[in-house]
1. How high is the relative contact order of the chain, in percent, counting Cα pairs under 8 Å that sit 6 or more residues apart?
2. Can you tell which of G478, G359, A423 lies farthest toward the positive end of the dipole of the stretch 343-479, using +1 and -1 charges on the Cβ of basic and acidic side chains (Lys, Arg; Asp, Glu)?
3. Working out 0.36 nm times the residue gap between R343 and S264, then minus their Cα-Cα distance, what length gain in nm do you get to one decimal?
4. Once phi is turned into ³J(HN,Hα) by the Karplus curve 6.51 cos²θ - 1.76 cosθ + 1.60 with θ = phi - 60°, what whole-Hz value does each residue of the stretch 317-329 show in order, with x for glycine and proline?
5. Could you tell me which of the pairs K149/K400; K539/K692; K400/K747; K203/K225 are separated by over 20 angstrom between their Cα atoms in the structure shown?
6. By counting other Cβ atoms within 10 Å of each Cβ, how are I297, I308, I215 ranked from fewest to most?
7. Could you tell me which GluC sites (Glu not before Pro) in the stretch 630-733 are loop residues by DSSP with no more than 16 other beta carbons within 10 angstrom of their beta carbon?
8. Note the full-extension length gain between T434 and K692 as 0.36 nm times their separation in residues minus their Cα-Cα distance, in nm to one decimal.
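Derivation of every value follows stated rules applied to the coordinates shown; laboratory data play no part. Please read all numbers here as calculations on a predicted model, not as lab measurements. Methodologically, a virtual Cβ is constructed for each residue, glycine included, from the backbone with ideal geometry; neighbour enumeration extends over all protein chains shown.
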Amino acid sequence: MDWAKTFQSLIWIEGIVQGVGFRPFVVRMARRHGICGTVQNAQGAVRISAFGPEEGLDAFISALEMEKPAPSHIARMGQTRRELAAGEEVPDSFRILPSLQEENRLVMPSPDLAVCDECLLEMADPSGPRYRNPFISCTHCGPRFSILKSIPYDRRNTSMADFPLCPLCQREYTNQDNRRFHAQTVCCNDCGPRLQWVDREGKTTQKALERAIDILASGGLVAVKGIGGYHLAADATREEAVMALREVKAREAKPFAVMFGDMSALLACCHAGEAEQALLLSPARPIVLLGKKPSAIAPQVCGPSPDIGAFLPYTPLQHLLLAHLPPLVMTSLNHSSLPIIARDEDALAFMEAHPQVVGSLVHDRPILHPQDDSVMLFIAGKPTFLRRGRGYVPQGIPVKDGNVLALGGQEKSVFTLTGQGYAYPSTELGDLDTVENVAQYCSTLSAMEDLLAFAPRLVAYDPHPGYATSRLARELPGPKLPVYHHHAHIASVMGEHGLMGPVIGVAFDGTGYGEDGTIWGGEFLIADRRSFRRDASLKPVWLLGGDASVRRASLTADCYRYDAGLAQDLDPLLVRVLELRVNAVASSSMGRLFDAVSAMLGICTTSTYGGQCAMELNYAAQTFAQEGRLAEPLPWELGAESQVDFAPCIRALHARLGQGESPFALAYAFHETVARMVLRVCLHLQEQTGIKTVCLSGGVFQNRLLTERVISLLEGEGFGVYRNQAVPPGDGGISFGQAVVALEAMKEGSFPCA
């Protein structure tokens, strides 16, 4: 080496830098710029010792930032540099060192990555060693988090540890010029996991892929083991197959997601712009809700929804299946209220209980972290999570430093762990109304705590006395912090966007425990990260039946009719029960108001899944809106103590429906009414407080038509409007908001002891 002056840079890089081919990438950049030294995994980070001339080191470090692998994410990067003294030894090459196990380093495991185009080309090569291999992968693609036992991300710490490398794969693994250099999931047709067909009796058969294709092509149901769990697959163009799927899942009406073989097949059935297509093709491969076109997809797949939950294959096995089949419904293998199945023995037991499922495609690579597919929707031109899972979990979200465990809520349960400046929300774990879901929640929490090695100093929880997470909080050691449901919603938006407050928080959902012990859900809060006050809300309405009111929207509608002075049209016995308030609860819920209007208009009277009545009301409003017609808003009143009274709206709906007006037109008018109400109340609060920043959160803001109208109206009056992007606006984002509040409390030292 003929360097006039030689320098050493010690570089550390934190973020998603393990499991994404980062170390091999560093080696290639070092060789390009003439740099010698070493790179190694160190707990959750990458450490580089680089030797070279100063200008070469500058170019090398710049390349690391500018040309990093697409699936990677650099959260923090730093270096120290010194000039070498005369006679100091300099390495003669650049190489990868064995990983270090160290404490107190940032851990950010990579989410699972969709199979890359290079691997797909190789899989299609009949002369290659990975022809039609269902597990082909490289440093740029393949399972990551779902197979990870511990940090650092090395093969020995994954469920690939049980599959020794053959000579070919070993050569590629150690060849710096090969894209499988240090690819921990590398395998081929001579080594690695094996695919099998398992019938209902547990017997295995040769030609597994061909057997599955034959069954699906004939209209049968097949269980397919994937990355995060088992799917249950059926031909999406066959009505009888879809109806059999609904029977097996005990899923009466909720739309199914459809996997298309490629983008051209998807575009034949769905409307998708450039942004939607880019998201569909991203390494995360989420389900994206897209407007549906007339097509061969069976009507029973989506029901009245104007959208299809569409996604593309993300595993080699899925590509092999879809190459020979029409679009497939690919839904999680479970009953609708229970956790996704990830263990082979549980899949076999499910098949034994359901004769419609002919068999399963199984492989022998264990799934260590089960997770559902992520679901997203574009609102105001930006992707919004409806469910955050495979492809995104466990990606961290930047927050204040501090170790917190936030337990989330009861529905769409998600917990969040924080440490070293990042929050790690779990995958969505379902509603905690069953023993199975609670057990899955606890086991997932234990696994994440072990993986991330964070020791929480504070536990944040929802104070609702009936929530399973509240009971769990009481059992855990250490200090606890109750965080009210709707404050958590607003704090989740503030945490995402770096807002400290105060803000006007608009929190609309179905159910949340309020400070006064009643059920909230239509709230206007003045909030910062630590505290809030309720400055306006919907007027509480007495609802009968507890949980029954959530399912029976027709009963909810009767309660709103009674509140609006329309008792003459109700059953006298029901009126008497309402007068006595027997088994009744006062609720300011916007979600229940949507349910009531849906039932009043005859659009949907019973919810067979969460949010069904409100969604179908939204579908009706969208249908009217697409015709390009306008609808005048309905009346409402802003009363004492800034309570919003929708009784005038209910009376107007009742009268106009009786006059023969279209339910679809009235559904649209109701959406416009709610949007204009939000604007007027925010203007009222802005006059009182001077605050011009609004945060929108809660499950109601998954409604694209309403949310886009609210944003347009508020921005038209000069408000800065923020909403959830990194977590769902529904209860899947609650734990992140709890964590934001708890971290602020830790900073102030203002939290109670256990």
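1. Relative contact order here is 11 percent.
2. A423
3. Full extension of this stretch gives 25.0 nm more.
4. 4, 4, 4, 5, 5, 5, 5, 10, 9, x, x, 10, 5
5. K149/K400; K539/K692
6. The most exposed by this proxy come first: I215, I297, I308.
7. E661, E717
8. 88.6 nm
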